[in-house]
Amino acid sequence: MRGHLDGLLLAVLEPGPLHGYAIIAAVQQRSGGALELRTGTIYPALQRLERLGLLRSSWDSVGERRRRCYELTEAGRRSLAHERNAWREFTTAIGSVLNPPAPSTGLAT
C-alpha cells in the first residue's frame, strides 16, 4: 500500500465527509475486505493531508461523543484526479509487462 495511501484516503472522501473509523470501514468495504487500514496509519496520514491543504476537518458531535470529520478541498479533488491518472498509467505499464501481446508470426493469411 506504500505510495497509494493518499489516493485511497482521498477517493473514499470524494462522496462527502467521513470520520476516521468510517474512512477505515469504507476502504475495507470498497476493497472487498482485502485492505485493512490501522488507526496508527490513517490518522497521521489524514493530518498530513490536512496540512498539505488537500483535506479540511471539523468536529462533529454524536450524542456525548465528538469526532473529527474529514472532507476534500478543491486541491484534494485535483490531487485525487492526478492520483487516478498516475494509477492508470502505472497499471497499464505493469499490464504491458505481465501480459504482453502475443508475438506475431509474420505470416500473411
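The values are calculated or read from the model by the stated rules, or taken from the named source; none is laboratory data. None of these values were measured; they are calculated from a predicted model. Reconstructed Cβ throughout: ideal geometry from the backbone, glycine too, with neighbour counts over all protein chains shown. Heavy atoms of the whole protein, side chains included, go into the accessibility calculation; ligands, DNA and RNA do not. Shrake-Rupley method; radii C 1.70, N 1.55, O 1.52, S 1.80 Å.
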Can you give me the % of accessible surface on the chain that is carbon or sulfur? Probe 1.4 Å, all protein chains present, nothing else counted. 54
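If we count every other residue with Cβ under 12 angstrom of Ala81's Cβ, Lys/Arg +1 and Asp/Glu -1, where does the sum land?
+1
Of the chain, which part is the longest with no trypsin sites (Lys or Arg not before Pro) in a loop (DSSP not H, G, I, E, B) and with at most 16 other C-beta atoms within 10 angstrom?
On the way: sites that count: Arg2, Arg38.
Maximal segment without exposed cleavage sites: 39-109.
Ranked from the most accessible area to the least, with a 1.4 Å probe and all protein chains present, what is the order of Tyr70, Tyr21, Tyr43? Write out the running numbers ahead of the final one.
Values: Tyr70 5, Tyr21 160, Tyr43 80 Å².
Descending order: Tyr21, Tyr43, Tyr70.
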Remind me, relative contact order of region 1-82 in percent, using alpha carbon pairs under 8 angstrom and six or more residues apart? 34
Be a star and scan region 1-38 for residues whose amide nitrogen sits under 18 Å from the point 7 Å along the Cα-to-Cβ vector of His82. 3-14
Show the residues, 5+ positions off or on another chain, whose built amide H is closer than 5 Å to the amide H of His19. Tyr70
What accessible area per residue, rounded to a whole number of Å², is obtained for the chain using a probe radius of 1.4 Å? 71
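Taking only DSSP H segments of four or more residues, each worth -39500 (n - 2.57), what value at 222 nm results for the chain once the sum is divided by all its residues, to the nearest 500 deg cm²/dmol? List each step's numbers first, then the result.
Working: 4 runs with 58 residues, N = 109.
My calculation for the chain gives -17500 deg cm²/dmol from helical runs alone.
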Dipole magnitude of the chain about its Cα centre (Cβ charges: Lys, Arg +1; Asp, Glu -1), debye to nearest 20: 220
Once the other residues with Cβ under 15 Å from the Cβ of Ser57 are scored (Lys, Arg +1; Asp, Glu -1), what is the net sum? +3
Mind checking the full-extension length gain between Ala75 and Ser61? Use 0.36 nm per residue of separation minus the Cα-Cα distance, one decimal, nm. 2.4 nm
